[in-house]
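Everything on this sheet refers to the single structure shown next.
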Amino acid sequence: MNIRDKVAVIGVGCSKFGENYDMSAEDMIVAAASEAYADARIEPSQIQAAWVGTLSSAMAGNALADPLKLFNIPITRVENYCASGMDAFRNACMAVAAGMYDVVLALGFEKLRDSGQRGLGTFGTHPVIGYGTTAPSLFAMAANRYFATYGIDKRALAKVAVKNHHNGTMSPKAHFQMEVTEEQVLSAPLICSPLGLFDCCPTTDGAAAVIVCRADIAKSFRPDPLLVKGIGLAVTSGEPYLKPGFAYTGFPATAQAAQSAYEQAGMTVKDIDLVECHDCFTITEILNYEDLGLCKKGEGWRYVEEGRASIGGEIPVNPSGGLKSFGHPIGATGIRMIYEVAQHLWNKAGARQVKNAEVGLAHNLGGPGSIGCVTILASS
Amino acid sequence: MAGIVAYGTYIPTYRLPRDLMAKEWGLPSLGGERTVASFDEDSLTMAVNASIDALGNRDPRTLAGVFFASTTSPYREKQAAATVATVLDANPAVRTMDFTDTLRAGTSALLTALDLVRGDQQILVCAGDARMGEPDSQQEQNYGDAGAAIVVGADGVIAEAMGTYTLSQEFLGTWRTEEQDYLRSFPGAFETKFGYNRFIAAAVQGVLQQCGLRPPDITHAAIAAPSQRALQAALRGLGFDLKSQVQETFWNTIGDAGTAQPLLLLAAVLERAKPGDLVLVAGYGDGGDAAVFRVTDAIAGFPIVRSIYSQIEVKRTLPSYGKYARFRKLLRKEYTTTDTSTPVVLLRDQKEILSLHGGKCPQCGTVQFPLHRICIECGYRGGLEEVKLPRTGKLFTFTHDYLTETPDPPTTHAVVDLDGGGRVYVQLTDCEPEQVEIGMPVELTFRKYHEGAGIKNYFWKARPLRK
């Protein structure tokens, strides 16, 4: 089965991302959903089902039912590591494509800062096997392996941080509106070698929402709905560090999900006008270039260095500022990417607008690179 | 002149009979019982509850000040008065202040409020204490937990201040340093003789002189005291009649309630005072404080929300010293980390964790760790052959993790490809971070990873190969 042209995005919303000490999860969820309702020109009563993506901020469908007072409709919580948000969107799209519902809501959120935590802590439940893994340590091991394989060093990573921080200055809802220099990035304190503070996305609060409907009725809501061209999801081993032969120079889950999305869309990377990808760490963005097919294997570091990923470049990557600058409230991120792509396809992205954008790709990555989710959206 | 506008008290529900405490340690019992703040109470909550009664229907937003006194403030750094003010819904512009570190803090807060209050202003003075004597000491029997609050103002006073007197005197009788959990008193009668008796006498005489009064003029004397006996000794020769003039200290029912005690005694006096009565209050600690009030006609209409005596009657007696020990966290629950562990998994995965057994696929030959049910490489489902893994290998990749808390940062996570097959994910130990590089030979060494769930969790780490 192919999802192409069966489902449309008719409205998106996004709360302010950041250190939202003055906002509860409820405040952010209501902000994101209200914007999406207005964008789609619908009333909440028209929503027939909903999916909510969150890693750890709630357990169940009540995460949406209670703040939004969306009672008596089916709501499902989706959790798939950092890809929870886009997988919630994917499930919403599939239910509409299956003909079960006409109009549905997918919303992702995360409230991380209330507890005072920095980062996500450790994963895993085994007493000693896989003990002590943290997000930065897992991706740092990929960075060291990538450096050893291609003979480069962390200066390549710094260029990603500089670009995404620059883009963030043009994103009013981003966590950071702050330029950084290569020197600042390189001299920042180490988090997990070789990754320094500016190689890591921040710990962020936020919520994002999207209204999805049947493509054949989409124009009754707005004249310019966006069409879902393809969505791929791939799950590979969540313990790559125990998988003999795992190369650590890319994430097969991303490549698999991208291939699936391109095939459904009947497109190649040449058709893509902009990419929002999962730059949880600077090394991840470089690996994503290669896994998404923007460039050849081993050339990702050149892709950013040559400015091909910048706004105005070959295929602008993360015009929003990415996870690096926009922030990464885990469950919200995948849907925030859909929100960003929609801003560009609707020509509403302001100073960071990618010109003449008609097709956008969003890529959400979960776990230690083990869950890849790729969505292609187009304006026609 | 300024005076007392309202008062309130708080006596916790729990009692501990001193006989029970004495029996626990084989010490003589001092008799009677003491109050015990429940596990969910502290100096702050008791002061708040007394304050709520004291405020009654008064608009809290008219308070010009909220003063909190205690020697057992819940935070070492962090004001309690600000919390009290917020609970009461006081105006954010209210002046808040904590009076701490001395037993005299309760009366000092009261005297300061009397000095400061002007015009139609009102200042709330509250005190709460839950002081700790060392377990297995008689001192532990002395203390009781309680809260008290006084609203000070100039308009509509039920008792008008006639004078105040303060004596500040350096003296080390009872103390607690930053390192100590329990109060310490110098043994014997030293503190009573050279501290308490002298300072109480000086403060009382000082205020009487200032007001032009003699002891017989006083209707009620509310004088803080570590015990009834100490009070008798202090007043000996001062000219008070203990029976008719002096408020009893609730020694048998509450115990020494610290900074709250003089305010509590003052409230007890006001509960039965009549217009024209002269009331003396005195507090001890690093010197002494005293004040004299003249009760006004307004006392007649003052509504007593919850009298001390009725609160003393409402009680639950703790069945054992152990219960008190749990309430005060005297029995420490052993520290457990947030790390996950369980003996069940340690048993089930014993061969992998301790003996370092992995699996070898009969179909594709891939050696893997742990012992998967299905081959990670080719998906063979017929079961892997259990093999002992080699303990040497090469570093495939690594990171020095400065985020993870450890006594010896950084934590170095490593992926090691073992010689002869099998990949493990372990920590690197016994090495300088600068030495570590991809491809370096390493050997596994048996170590303790963590103590999650109070269990020693042993497993293998890697270290640079030793010749």
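Of B:Gly422, B:Cys378, B:Pro407, which is farthest along the charge dipole of region B:376-429 in the positive direction, counting Lys and Arg as +1 and Asp and Glu as -1 at C-beta? The one lying farthest along the dipole's positive direction is B:Cys378.
The simple spin-label model puts a point 7 Å past each Cα toward its Cβ; for A:Thr169 and A:Asn72 those points are separated by 5.3 nm.
The distance separating the Cα centre of region A:348-380 from that of region B:325-387 comes to 39 Å.
Distances over 18 Å make up what percent of all Cα-Cα pairs in region A:33-167? Each step should come with its number before you reach the end.
Values: 6185 of 9045 pairs.
Here the long-distance tail beyond 18 Å is 68 percent of all Cα pairs in region A:33-167.
On C-alpha positions alone, give me the angle between the axis of helix A:282-291 and the longest principal axis of chain A, in degrees, nearest 10. Roughly 70 degrees, rounded to the nearest 10.
Gain in length, B:Gln79 to B:Asp217, computed as 0.36 nm per residue apart minus the alpha-carbon separation, to one decimal in nm?
Numbers: separation 138, 0.36 × 138 = 49.68 nm, distance 3.99 nm.
Computed gain between B:Gln79 and B:Asp217 is 45.7 nm.
Each label was represented as a point 7 Å from its Cα along the Cα-to-Cβ direction; for A:Met178 and B:Asp89 these points are 4.0 nm apart.
Note down the net charge around B:Thr296, summing +1 for each Lys or Arg and -1 for each Asp or Glu among other residues with Cβ under 11 Å from its Cβ. Present the calculation step by step, with values, prior to reporting the outcome.
Details: positive: B:Lys274, B:Arg294; negative: B:Glu160, B:Asp277, B:Asp297.
Taking every other residue near B:Thr296 into account, the sum is -1.
You can think of it this way: the chain between B:Asp419 and B:Glu170 has 82.3 nm of extra reach, that is 0.36 nm per residue less the Cα-Cα gap.
I'd like the GluC sites (Glu not before Pro) in region B:97-187 restricted to DSSP loop residues with at most 16 other Cβ atoms within 10 Å, sorted by number.
Within region B:97-187, the qualifying GluC sites (Glu not before Pro) (loop, at most 16 other Cβ atoms within 10 Å) are B:Glu170, B:Glu178, B:Glu179.
Less than 10 Å Cβ to Cβ from B:Met21, Lys/Arg counted +1 and Asp/Glu -1: what total charge do the surrounding residues give? Neighbourhood net charge equals -2. For region A:152-191 and region B:22-89, write down the distance between their C-alpha centroids in whole Å. Going from one Cα centre to the other spans 51 Å.
Isolated cysteines of chain B, defined as having no other cysteine beta carbon under 4.7 Å away, are B:Cys126, B:Cys211, B:Cys431.
Any idea what angle helix A:135-150 forms with the longest principal axis of chain A, computed on alpha-carbon atoms, 0 to 90 degrees, nearest 10? For helix A:135-150, the angle is close to 50 degrees. A simple count of charges around B:Ala224, restricted to other residues whose Cβ falls under 11 Å of its Cβ and scoring Lys, Arg +1 and Asp, Glu -1, yields -1. A simple spin-label model places the labels of B:Val305 and A:Lys348 5.3 nm from each other, with each point 7 Å out along Cα-to-Cβ. How high is the relative contact order of region B:3-327, in percent, counting Cα pairs under 8 Å that sit 6 or more residues apart? Relative CO of region B:3-327 lands at 26 percent. Based on alpha-carbon centroids, what's the gap between region A:29-50 and region A:244-269 in Å, whole number please? Centre-to-centre distance over Cα atoms comes out at 33 Å.
Would the protein assembly as shown count as rounded, prolate or oblate if I go by the C-alpha gyration tensor, calling it rounded below 1.5 in a/c and otherwise prolate when a/b exceeds b/c, oblate otherwise?
In terms of gyration-tensor shape, prolate.
Of the chymotrypsin sites (Phe, Trp or Tyr not before Pro) found in region B:250-346, those that fall in a DSSP loop while having at most 14 other beta-carbon atoms within 10 Å are B:Tyr335. Remark on region B:3-327: ratio of C-alpha radius of gyration to 2.2 N^0.38 Å is 0.93.
Explain nothing, just the number: dipole magnitude of chain B about its Cα centre with +1 on each Lys and Arg Cβ and -1 on each Asp and Glu Cβ, in debye rounded to the nearest 20. Working shown, then result.
Details: 48 positive and 54 negative charges, 229 e Å.
Dipole magnitude for chain B comes out near 1100 debye.
The contact residues of region A:123-154, meaning those that lose at least 20 Å² of 1.4 Å-probe accessible area when all protein chains sit together rather than their chain alone, are A:Thr125, A:His126, A:Pro127, A:Val128, A:Ile129, A:Tyr131, A:Gly132, A:Thr134, A:Ser137, A:Met141, A:Asn144, A:Arg145.
Taking amide H as placed 1.01 Å from N in the peptide plane, B:Phe99 has its amide H under 5 Å from the amide H of B:Phe68, B:Ala69, B:Ser70, each at least 5 places away in sequence or on another chain.
Could you calculate the FRET efficiency of B:Arg272 with B:Arg61 from 1/(1 + (r/R0)^6), where r is the beta carbon distance between them and R0 is 25 Å, rounded to 0.05? Let's see the in-between values first.
Numbers: r = 32 Å, r/R0 = 1.27.
Between B:Arg272 and B:Arg61 the formula returns 0.20.
Taking chymotrypsin sites (Phe, Trp or Tyr not before Pro) across region A:50-115, the ones in a DSSP loop with at most 16 further Cβ atoms lying within 10 angstrom of their Cβ are A:Phe71.
The values are calculated or read from the model by the stated rules, or taken from the named source; none is laboratory data. In this text, all values refer to a predicted model and were calculated from it rather than measured experimentally. Counting neighbours? That spans all protein chains shown, and the Cβs are built from the backbone with ideal geometry, glycine included. When the accessible area is computed, the model is the full protein with side chains, heavy atoms only, and any ligands, DNA or RNA have been set aside. Shrake-Rupley method; radii C 1.70, N 1.55, O 1.52, S 1.80 Å.
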